[in-house]
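Take a look at the structure below.
None of the figures in this text is laboratory data; all of them are computed from the coordinates on show. This one's a predicted model, so the numbers in the text were calculated from it and none came from an experiment. Ideal geometry is used to build each Cβ from the backbone, glycine not excepted, and the neighbour counts take in all protein chains shown.
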Amino acid sequence: MKLRSSSQPNMPSIKQTEAVIDLPMYLVVTIIIGIIALGSVLSIMVLPSFYTINPIVTVDPLIASVNNSTDTITYYVQVNTQDDQPIGDAHVIIKHSSTIKANTTNSSGQTTITIQPKIPHGLHETYLDVTVKASGYPTITNTKMLKVIL
């Protein structure tokens, strides 16, 4: 004959009760930490795209005249921030059909590019595309920025 102990065998122990109570709390804490970590990573990735400001690109001359298709044009380019600070090491590309010329701005944000545009036969004017790529700034592309008249 077996004697029964005074404690009831079917009653959960204190450790089981704590586990049932603590488990949802641990899950909530883990989810909150995960959300904070994910938010931090996403803000680092997205932040520059919201707050970058386009550089200001000035090209001189905007309209150039040539006598024939063998003439060259020298363009003077200035790349600045919106508060007039020069942007150095910006890559400036001027292109027209198969003619592409590029140069990099100096510490004062200036560069010169000499190009020989090829005006198609039968046309009296053509446009050149300008692309500026500067580290930390969005790429600026402007088609039909520069006009060449024959």
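Seen from THR105, the other residues with C-beta closer than 15 Å to its C-beta sum to a net charge of -1, counting Lys and Arg as +1 and Asp and Glu as -1.
About the centre of its Cα atoms, segment 66-131 shows a dipole size close to 280 debye [charges on the beta carbon of Lys, Arg (+1) and Asp, Glu (-1) only; nearest 20 debye].
For segment 96-108, backbone phi angles converted through the Karplus equation (6.51, -1.76, 1.60; θ = phi - 60°) give residue-by-residue couplings of 8, 6, 9, 9, 10, 10, 9, 7, 10, 6, 7, 5, 8 Hz, Gly and Pro being listed as x. Applying 0.36 nm per residue to the separation of ILE31 and LYS95 and subtracting their alpha-carbon distance, the gain on full extension is 17.8 nm. Annotation for ASN54 and SER135: the two label points, set 7 Å from Cα along the Cα-Cβ direction, are 2.4 nm apart.
Each Lys or Arg adds one and each Asp or Glu takes one away; over the other residues whose Cβ falls under 12 Å from the Cβ of PRO117, this sums to +1.
Using 0.36 nm per residue and subtracting the Cα-Cα separation, the extra length available between GLU125 and THR81 on full extension is 12.7 nm. Loop-located trypsin sites (Lys or Arg not before Pro) in segment 69-131 (DSSP state other than H, G, I, E, B) with a sparse environment of at most 16 neighbouring Cβ atoms within 10 Å: LYS118. The Rg/Rh ratio for segment 56-149 is 0.99, where Rg is the radius of gyration of the alpha carbons and Rh is the Kirkwood radius.
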